[in-house]
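First comes the structure, then the notes that go with it.
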Amino acid sequence: MLALRIHINELQEGCILAEDVFSKTNRPIISKQTVLTVQLIDVLKAFLIKDVEVEKTLISGTPFIPSEAVSGNEAPVQNMGDLTFLDLFLKGKQDHKKEFVSWQSGIPVDIAAIRSLLMPLIDKIEGNTAYLFRLHKYHNQEDYLYHHSLAVGILSAYIAKRLNYSKGDIAQIALAGCLADCGMAKISNSILMKKTTLTLGEYEEVKSHPINSYQMVKENRLLKQEAKVAILQHHERLDGSGYPFGDKGVKIHPFANIIAVADTYQAMTSERLYKPSMSPFKALEIINEDHFGKFDVAPLKVIKSGIMNFSTGSKVRLSDGEEAEILFISDKDPTRPIVKLSNSDKILPLEEYRQLYIEEVL
């Protein structure tokens, strides 16, 4: 059983809808994969919804146990082989948080532990590639760091596989992507949890994290030197505008170029304490236009191709508030597909309507 059908009164904050919820309208009142809040649960009750399907795992990564199961003193046992990709991801995020907290207390990085939570996700991603472009939905502002690191590791592996890297290199690139921000554990917690824009001094402290990360893994023999260099260079840019050293062009390792794209894309599509999230379409458009010349083209093409494979038929919200359905995505301009407005059935080729963009994938 991949989801649980439960009575509306069993819902709790952090539940994730497994299916769209309809009332008497053709469009869902709340879309699947939405993380429920107290307010959204009240909306469901206001529409007199009796029951819904939810994922077996809460956004926190813990198993969802309805109160009926609690009263019967029989908590469901999770068999790792039965877990979905989303279950594994949310559990992995919780495990990564434990590792991060241990690094903050000075405990060395356990590469084997990171590998054990990362590799099952990489093995399972082949049949679940659509999740790659929805991972930003499965976190809250407070768990951004742990979510981001795990997502970057998975996306880096996906890109590396599409670029025909060997299985061993894919694993190393994934580990480097996941550990690229481990040096954030050395940054002041007041900065990590700050809810407003960082000051220049605070930003300079954050920019030290690639060096911190490298120092934390440099002696570990389970990580190849290429992966360690990628961790150090994941914020370098091809045009020399990156940090910590301003390296450019061929001085930047190919592993680092992959992680740079995955890291930037995931950061832009995720909601942070001081910055709202963007849709995958908008993020890629900004990377293409505003960051031209900074990133390797090959990893970017992989992400664009991935969006094309899963997005046809997806429901989206445009920047003017209108909801629409994606009808066609072209190779030439995948961030500007042809859409059909839900309210009027009007067809809009977004390539011709440059003032509009896709604000959110529903």
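The values are calculated or read from the model by the stated rules, or taken from the named source; none is laboratory data. Everything numeric here is computed off the predicted structure, so don't read it as measured data. Cβ placement follows ideal geometry from the backbone for every residue including glycine, while neighbour counts extend to all protein chains displayed. The accessibility values were calculated without ligands, DNA or RNA, using every heavy atom of the protein model including side chains. Shrake-Rupley method; radii C 1.70, N 1.55, O 1.52, S 1.80 Å.
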Can we say Ser311 is small (Gly, Ala, Ser), modelled with pLDDT of 85 or more, surrounded by fewer than 21 Cβ atoms within 10 Å (Cβ to Cβ) and touching a strand residue (DSSP E or B) at 6+ places or on another chain (Cβ under 7 Å)?
no
Those residues of the range 245-259 which are in contact (Cβ under 8 Å) with a residue 24 or more places away in the chain and either more than 17 Å from Gly306 (Cα to Cα) or in a loop (DSSP other than H, G, I, E, B) (or both) amount to His253, Pro254, Phe255, Ala256, Asn257
Checking the conditions here, which among Lys195, Lys248 is under 24 Å from Asn288 (Cβ atoms), modelled with pLDDT under 95, out of contact with any Ser or Thr (no Cβ under 7 Å at 6 or more places or on another chain) and not aromatic (Phe, Trp, Tyr)?
Lys248
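Residue-wise test of (1) without any contact (Cβ under 8 Å) to a residue 40 or more places away in the chain; (2) surrounded by 15 or more Cβ atoms within 10 Å (Cβ to Cβ); (3) in contact with a His (Cβ under 7 Å, 6 or more places away or on another chain).
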| site | (1), (2), (3) |
| --- | --- |
| Gly14 | no, yes, no |
| Ala18 | yes, yes, no |
| Ile29 | yes, yes, no |
| Lys32 | yes, yes, no |
| Gln39 | yes, no, no |
| Lys45 | yes, no, no |
| Val52 | no, yes, no |
Counting just the residues of the range 101-121 that are of a type outside the set (A, V, I, L, M) and part of a helix (DSSP H, G or I), which one comes out surrounded by the most Cβ atoms within 10 Å (Cβ to Cβ)?
Trp103
Taking into account only those residues within the range 122-151 that are polar (S, T, N, Q) and either free of Cβ contacts under 8 Å to residues at least 60 places away in the same chain or outside any loop (DSSP other than H, G, I, E, B) (or both), which is farthest from Asp169 (Cα to Cα)?
Gln141
For the structure I just gave you, tell me whether Ser188 is among the hydroxyl-bearing types (Ser, Thr, Tyr), at pLDDT 95 or above and more than 25 Å from Leu163 (Cα to Cα).
no
With respect to Arg221, is the statement that it is in a strand (DSSP E or B) and open to solvent by 40 Å² or more (accessible area, probe 1.4 Å) true?
no
